[in-house]
Amino acid sequence: MPTTLSHSDLPGLDLLHSGKVRDVYALDADRLLMVATDRLSAFDVILPDPIPGKGEMLTQMSNFWFAKTAHILPNHLLDVPLDEVLPSTVDAILYRRRSVVARRLKPIPVEAIVRGHLIGSGWKDYQATGTLCGLQLPAGLRQAEQLPEPIFTPSSKAAVGDHDENVSFDAVVAAVGPDLAEQVRAASLAIYAWAARYAAERGIIIADTKFEFGTDADGKLYIMDEMLTPDSSRFWPQDEYRVGISPPSYDKQFVRDYLETLDWNKTAPGPHVPAEIIAGTSAKYAEALLKLTGIRLD
């Protein structure tokens, strides 16, 4: 059965970072232990109620995609058994399906977003300006409409509790240099194109997704963190997709839609989420995992 873990506790390991979802520990100078908790963030705020099993589902889905796309770009995963690095005093069952050993990389300070459809903050920006991240889009596009071709629309990488902001490609160039910026853009578009085709064969539209990248000591680029999960992507069922509305989804849009009905200013602390929303979110993540990867966490 799926486990529930809101905050990791690994005595003897140095906690380097506790993010919206993942806790990152140092193993040595070259390796990290990454633990995906069941914390849920929405509008860049961590909500008080976990989604049971979410971290396990995110990890299993990410691992699946990392393996499937390794021919496009290498990833941060290392083939190290968890039992070799977990403290002997912890319950390994809590961590086994939600943790990975990864390369210790230098993170690239941008959110690498690819959009195939016009939705979310991209739709809002387009309505206001007709542009998105400095790109001029065709006039007359409707909510959720497929773009003529996928576009790279980066955003700033905000600290926990702050909000990411859409930025232009020139801002990425200014942050990391032209060569690395172009590598990130090309890899993002290539991975999205491959994954979108794969998902379409299984009845799912990947409307958009967010990638994170890092470099090693030699400057080699890797994809890292998570990949093509319901936390980092919008997954829509093809048979329910309609232009002009925000389609039903297999991701945390289910929670966002509930939160939009509340009198909440989208700043911390976040509101509690009813049990039926928690259960519904867990079910949607599990369905996406099964449809895309064939994995069922019983």
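The values are calculated or read from the model by the stated rules, or taken from the named source; none is laboratory data. No experiment lies behind these values; they were computed from the predicted model shown. As a convention, Cβ positions derive from the backbone with ideal geometry for all residues, glycine included, and neighbour counts pool all protein chains shown. Ligands, DNA and RNA are excluded from the accessible area calculation, which covers all protein heavy atoms including side chains. Shrake-Rupley method; radii C 1.70, N 1.55, O 1.52, S 1.80 Å.
Quick notes on this structure:
- Over region 202-273: Rg over Rh, Cα atoms, Kirkwood Rh: 1.11
- Residue with peak Gaussian network fluctuation, the chain [Cα springs, cutoff 10 Å], from Val176, Val35, Val184: Val176
- Alpha carbon convex hull of the chain, volume per residue in cubic angstrom: 134 Å³
- At a probe radius of 1.4 angstrom, the accessible area of the chain per residue rounds to 45 square angstrom.
- Considering only Glu111, Glu240, Glu165, the Gaussian network model of the chain with Cα springs below 10 Å gives its largest mean-square fluctuation to Glu240.
- Tail fraction, Cα-Cα pairs, region 27-67, threshold 15 Å, whole percent: 56 percent
- With a threshold of 20 Å on the Cα-Cα distance, the over-threshold entries among Lys68/Lys157; Lys252/Lys284; Lys54/Lys210; Lys68/Lys252 are Lys68/Lys157; Lys68/Lys252.
- Hull-based mean projected area of region 11-141, where the convex hull spans the alpha carbons, in square nanometres: 10.6 nm²
- Here the chain has 51 percent of its accessible surface on carbon and sulfur atoms, given a 1.4 Å probe and all protein chains in place.
- Two-site label geometry, Met1 and Leu297: point separation in nm, points 7 Å out along Cα→Cβ: 1.4 nm
- Among 9-17, 139-147, 54-62, 280-288, the peptide with the highest mean count of other Cβ atoms within 10 Å heads the list, and the full ranking is 54-62, 280-288, 139-147, 9-17.
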